[in-house]
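Contents: one structure, followed by commentary.
None of the figures in this text is laboratory data; all of them are computed from the coordinates on show. This is a predicted model, so every value here is computed, not measured. All Cβ positions, even for glycine, are placed from backbone atoms using ideal geometry, and neighbour counts span all protein chains on display.
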Amino acid sequence: MLECVVNVSEGRDQSVLDQLASSVKGDVLDVHTDPDHNRSVFTLIGEDAPRRLTAAAVRLMDISDHSGVHPRIGVVDVVPFVPLSGSTFDDTVRARNAFATWASQELQVPCFLYGDERTLPDIRRGAWSQLFPETDLREPHSTAGGICVGARMPLIAYNIWLEGVDLAHAKKIAADVRSNSIRTLGLQVGEFTQVSMNLVSPEISHPADAFDAVQQYADIHHCELVGLLPRDVLFSIPEGRWESLDLAEEKTIEWRLDNR
């Protein structure tokens, strides 16, 4: 079984979000929406649901109309395939490549690939300048832009909201806690600033570690799990910390699979 965590560049228009959700009914484990990022994260199961969601987003959305604090290259910004029980990393690479071929041929949307070859930050830095899509299309789609399609192991997307910290300081904190296992951005989100994180090796750095690292530099207003996390990572954290870290067993991939 494969998980696919599709990041869509829409977090404000409820009509569009309802139509996107309808396109993946039955195959969705979680939807996280953020109006400041203007971004929604759909945690899906299988290979067909990401295609249905992408086709709906390309039909409904225009990247030229988008504004939000999170970086993006297209209406469907990131499509990572992740192995779950019974699947291998090779399965994710096959699914990634098949999706990219489909999106470029059926939707005419160019795709950048990431995984063992390069990271998602590599694409963010070099898209359309040093890096070009691996598919035949070389220019962004006029309304959909491009898609970053990946093969990766489970990670945890996590936001830490800061108390009384300006943007320059938030960016400095993000740089100070960044490591091989924690990718970070310092962002302005409404009246707050935020350290937005991908915990790419959660067996090394989990949400409690991220919280403790940031707390060395600033007061924390609250935390936010984006999407789901693996159950074994949750159980490695003392249960007494779960609530303050925005964690719960109901927010694990395994619980959602068992209860869908």
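Listed by chain and number, the lysines placed with their C-alpha closer than 27 angstrom to that of residue 251 are 25; residues fewer than eight positions away on the same chain are left out.
Straightening the chain between residue 59 and residue 134 buys 24.7 nm, computed as 0.36 nm per residue apart minus the Cα-Cα spacing. In this simple spin-label model, placing a label point 7 Å from the Cα along the Cα-to-Cβ direction at both residue 239 and residue 257 gives a separation of 2.3 nm.
The simple spin-label model puts a point 7 Å past each Cα toward its Cβ; for residue 143 and residue 94 those points are separated by 3.5 nm. Which of rounded, prolate, oblate describes segment 140-260, given a ≥ b ≥ c as roots of the alpha-carbon gyration tensor eigenvalues and a/c under 1.5 marking rounded, otherwise prolate only if a/b is larger than b/c? Note, shape of segment 140-260 comes out oblate. Full extension of the chain segment joining residue 224 with residue 48 gains 60.5 nm, where the gain is 0.36 nm per residue of separation less the Cα-Cα distance. Between residue 15 and residue 117, what is 0.36 nm times their sequence separation minus the Cα-Cα distance? Round to one decimal in nm. Here the segment from residue 15 to residue 117 would lengthen by 33.0 nm. Charge tally around residue 222: other residues with Cβ under 10 Å, Lys/Arg +1 each, Asp/Glu -1 each, net -3. Distance between the modelled labels on residue 153 and residue 166, one decimal in nanometres: 4.1 nm (7 Å Cα→Cβ projection).
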